[in-house]
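Heads up: the structure comes next, in structure tokens.
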Amino acid sequence: MSEKKAPGSVSKLLNASWLRPFLLLVMIVVGWDLAIRIFNIPAYQIPAPGDVVKVLYTDWPELLSQSWPTTYATLLGFLASAVFGIPIAMLIAGSRTVESYVYPLLVFSQSIPKVAIAPLFVVWFGFGIVPKIIAAFLLGFFPVVVSAVQGFKSVDPDMVDLARAMKGSRLRVFCAVNLPHALPAIFSGLKVSVTLAVVGAVVGEFVGSNSGIGYVLQRSIGTFDLPTMFAALVILALLGVILFWLVDRIERFAIPWHVSQRADVFIGS
Amino acid sequence: MTAAMRTMSVDQPSAHLRVVSEQSTPSKASGINLSGVSKTYGTGDGQVQSLRPLDFHINDGEFFVVVGPSGCGKSTLLKLISGLLAPTSGEIHVDGNKVTEPHGDVGIVFQNALLLPWRNIINNVLMPIDMKNLPRAQYMDRAKQLLKMVGLEGFEKKLPWQLSGGMQQRASICRALVHDPKIMMMDEPFGALDAMTREKMNVELSRIQRTTGKTILLITHSIPEAVFLADKVLVMTERPGGIAAIYDVPLGRERTLDAMSNPIFTDLVARIRKHFMTNSTLD
């Protein structure tokens, strides 16, 4: 390439890694718009990107206020899956007895479709935020447990022996060796979990709620208001990306020593 | 160890480590004593005997090296003596006290450096201090001196992955020494190092042992390394591991790499090798 004299700032900007997903997104949107024009797809099947943007712009205050309940439910469900998932993973990894009792049941419970049992939570807890949190928790819980179990189990037994030979108490050995060792695996579980928690919260809103993005989705499907529905999907995707990015930031702060964090690569979205 | 030797050792960088043994008089009340110690893994049909009943004694301040074919239970032996594993039969005594759990007055070095990747080098060296909940400040100087002794001065704030394998292993030796244990146990400590680094480490370890008089139990599958380092070499048989022979190494305490061309050295290496050649299982 003989573009030595090319304006540095523009080419640098085009090469910036944070810009790449946006470039791809722009290409997809353009492809979407072209497909609608070329194949003459009617607006009641797929709305044009322009219409979706218009709805996003005009209904922004409404959409924003509806996204808060979804965000709360997602965050609380996600936190619950971390708070319950990590200790349960500790128990499963630490004791064969617990593992043999709990783990198969946990896998079994994952095969139950959450969408099917979500109405049950509405029956139990009413139309408030609780059913949404539970749905978010149920979806986010499993990946945390599976990853954390794997993290706790992959500690080098020699390393634990070494710490034990230093006469460290069980708790001290755990905090100094096992827990930090499991953190990278736990974080990868948390990242999967946070995006699934968004799905869970929406499922909760689908079956019985009068607020939230899930509610907007369902209402707009009912009235064939496709631009609003797509706008709601965009908001959900944004919510997922932002929450994922937050967990990623926390991960970088918590495990700066890990291989995945050594090179300054962009994993954010 | 003579008085002259001790005064000389004050100038050594390792002078801050206590001198454990003045003389090596064999006695049941001191040193490490194994009587009828055996180990069988598993239960029922899946039983695997790892060690046949063993009886031997390691004196205070002795450099005791165990050689044997792979899978003969060398590492099991080390875990038994450090109290990490309980023997199936027999008793182990360290300084007259029966070993039932990790006793703390021991530093261990494994084949892999096993440094914690999230701690920098100085914090890795100080790990035994943290585990024992001792005041860090008191040991900081010694940790730094130890790092200086093994040539890692200036690397205190580096993370393990920033160091080469040999440097990591040297840091792990510092970690084994920082709480100034009486006994050092090393399980093929230089197995993962290249031949040149390995020889340098051997000379260094020999010097550390000479100047501190620590009891060292070292496991290796290199016969020349065993003879070069040891006061006594224990040769193990194939699994289930037992004692094939114990050799004294009359090469004196001051050893340089020249010792390797000494006829006593070559003769002993050949004799030990014969134990394995007859079964043709040298690894």
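The values are calculated or read from the model by the stated rules, or taken from the named source; none is laboratory data. Quick caveat: nothing in here was measured; it's all calculated off a predicted structure. All Cβ positions, even for glycine, are placed from backbone atoms using ideal geometry, and neighbour counts span all protein chains on display.
Here are the numbers:
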{"quantity": "Candidate set: the stretch B:119-132, residues that are facing chain A (nearest Cβ under 7 Å) and without any contact (Cβ under 8 Å) to a residue 12 or more places away in the chain; chosen: the one farthest from the chain's Cα centre (by Cα)", "calculated": "B:Asp130"}
{"quantity": "Extreme residue, surrounded by the fewest Cβ atoms within 10 Å (Cβ to Cβ), among residues of the stretch B:88-110 that are in a loop (DSSP other than H, G, I, E, B) and within 14 Å of another protein chain (Cβ to nearest Cβ)", "calculated": "B:Thr100"}
{"quantity": "Near pairs, Cβ below 9 angstrom, 6+ apart or cross-chain, from the stretch B:160-185 (within 11 Å of chain A (Cβ to nearest Cβ) and free of Cβ contacts under 8 Å to residues at least 12 places away in the same chain) to any residue that is buried (at least 22 other Cβ atoms within 10 Å of the Cβ) and of a type outside the set (Ser, Thr, Tyr)", "calculated": "B:Gln162/B:Ile121"}
{"quantity": "Filter pass, A:Thr70 being within 23 Å of A:Gln218 (Cβ to Cβ), in contact with an Asp or Glu (Cβ under 9 Å, 6 or more places away or on another chain) and of a type in the set (S, T, N, Q)", "calculated": "yes"}
{"quantity": "Every residue from the stretch B:147-159 that is closer than 14 Å to B:Leu115 by Cβ and either free of Cβ contacts under 8 Å to residues at least 12 places away in the same chain or not in a loop (DSSP other than H, G, I, E, B) (or both)", "calculated": "B:Leu147"}
{"quantity": "Options A:Phe187, A:Phe230: the member that is over 23 Å from A:Ala80 (Cβ atoms) and touching a residue at least 24 places away in the same chain (Cβ under 8 Å)", "calculated": "A:Phe230"}
{"quantity": "The stretch B:76-87: number of residues that are among the polar types (S, T, N, Q) and either assigned to a strand (DSSP E or B) or at the interface with chain A (Cβ under 9 Å from one of its Cβ atoms) (or both)", "calculated": "1"}
{"quantity": "Condition met for B:Ala113 (part of a loop (DSSP other than H, G, I, E, B), among the small types (Gly, Ala, Ser), more than 10 Å from chain A (Cβ to nearest Cβ) and under 17 Å from A:Leu162 (Cβ atoms))", "calculated": "yes"}
{"quantity": "Segments classed as helices (runs of 4 or more DSSP H), wholly inside the stretch A:1-110, with at least 3 members that are surrounded by 12 or more Cβ atoms within 10 Å (Cβ to Cβ) and small (Gly, Ala, Ser)", "calculated": "A:60-94"}
{"quantity": "Options A:Ile117, A:Ile112, A:Ile134; residue that is in contact (Cβ under 8 Å) with a residue 12 or more places away in the chain and in the same structural domain as A:Leu239 (by TED's automatic domain parsing)", "calculated": "A:Ile134"}
{"quantity": "Number of the exception - A:Val241 against (1) at pLDDT 90 or above; (2) of a type outside the set (Ser, Thr, Tyr); (3) closer than 19 Å to A:Val130 by Cβ", "calculated": "(3)"}
{"quantity": "Candidates A:Gly214, A:Gly189, filtered to the one that is of a type outside the set (Ser, Thr, Tyr), under 19 Å from the mean Cα position of the chain (by Cα), away from every other protein chain (no Cβ under 14 Å) and closer than 30 Å to A:Pro47 by Cβ", "calculated": "A:Gly214"}
{"quantity": "Among the candidates A:Ala182, A:Ala148, residue that is in a helix (DSSP H, G or I), within 14 Å of another protein chain (Cβ to nearest Cβ) and of a type in the set (Gly, Ala, Ser)", "calculated": "A:Ala182"}
{"quantity": "Test set (1) at pLDDT below 85; (2) touching a helix residue (DSSP H, G or I) at 6+ places or on another chain (Cβ under 6 Å); (3) of a type in the set (Asp, Glu) - B:Asp258 fails condition number", "calculated": "(2)"}
